[in-house]
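Worksheet: the structure to be examined is printed underneath.
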Amino acid sequence: MSAEIYTLFANELLKWNSSINLVQENTIPAIYERHILDSLQLKTYVDYEKDVIVDIGSGAGFPGMILAIDGARHVHLVEPTNKKTVFLNHIKNLYKLPITVHTSRWQDVKIQNATVVTSRAFASLTNLLDAMTNVSRETPNARGLFLKGEKAKEEIAEAKQIWNFESELFQSATHETGCIIKVWNVNKK
């Protein structure tokens, strides 16, 4: 998919950013590479037609909104900050996306059938596994796809003290020190 489809999103993000702080100002010059392409690298691990994607702590829509714009059909964005969900609903309406935006903490959202849980810069892996198991209670084969930085291996080791899970690390295509943590078979010890 070409970058043009994201021009509307990028322009709206720039308009809204000054009033609700969606992304750090110093990342705006590289918005496509830093935010959009970073989110799109998850598409390799997702079935856009079948997967029910729940994006925890969506913020400005990374990665969930970007995956929805790219064609993912069953996307839930979970964001507790009302100002940010107003922005997310605005983008949803501009693109006419069949997604659901939840103004809610992950602990309170009523989703139980997620097959894929995503997150970017939201919480530690230990906390993300709590969120993942909450929204995928009815889906034994759910998997998590979490965009992480240079401390990913440390986060995995820390999470393994509380959780049993399988994991795999993939090098980020957009950040030298970034990676994607894929997890599955998650259950608390």
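For this structure, a couple of remarks:
- Scan of the stretch 134-180 for residues that are under 25 Å from S104 (Cα atoms), touching a Ser or Thr at 6+ places or on another chain (Cβ under 8 Å) and either at pLDDT below 95 or loosely packed, with under 12 Cβ neighbours inside 10 Å (or both), ordered by number: T139, N141
Here's the yes/no breakdown for (1) of a type in the set (S, T, Y); (2) within 22 Å of A60 (Cα to Cα); (3) without any contact (Cβ under 8 Å) to a residue 40 or more places away in the chain:
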| residue | (1), (2), (3) |
| --- | --- |
| V116 | no, yes, no |
| N127 | no, yes, yes |
| A142 | no, no, no |
| L145 | no, yes, no |
| Q171 | no, no, yes |
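- Filtering the stretch 60-80 for residues that are in contact (Cβ under 8 Å) with a residue 60 or more places away in the chain and out of contact with any helix residue (DSSP H, G or I) (no Cβ under 8 Å at 6 or more places or on another chain) leaves a non-empty set.
- Search result, residues across the stretch 11-55 that are buried (at least 18 other Cβ atoms within 10 Å of the Cβ), not aliphatic (A, V, I, L, M) and not in a helix (DSSP H, G or I): D51, D55
- Sole residue being within 18 Å of F146 (Cα to Cα) and either surrounded by 19 or more Cβ atoms within 10 Å (Cβ to Cβ) or of a type in the set (F, W, Y) (or both), chosen from S119, S124: S119
- Taken over the stretch 41-59, the residue count meeting the criterion of being farther than 18 Å from A131 by Cα and either of a type outside the set (K, R) or free of Cβ contacts under 8 Å to residues at least 40 places away in the same chain (or both) is 9.
- Sole exception among (1) within 18 Å of W163 (Cβ to Cβ); (2) under 12 Å from the mean Cα position of the chain (by Cα); (3) free of Cβ contacts under 8 Å to residues at least 60 places away in the same chain for T133, by number: (2)
The values are calculated or read from the model by the stated rules, or taken from the named source; none is laboratory data. The model shown is predicted, which means the values in this text are computed figures rather than measured ones. Glycine gets a Cβ as well: all are built from the backbone with ideal geometry, and neighbour counts include every protein chain shown.
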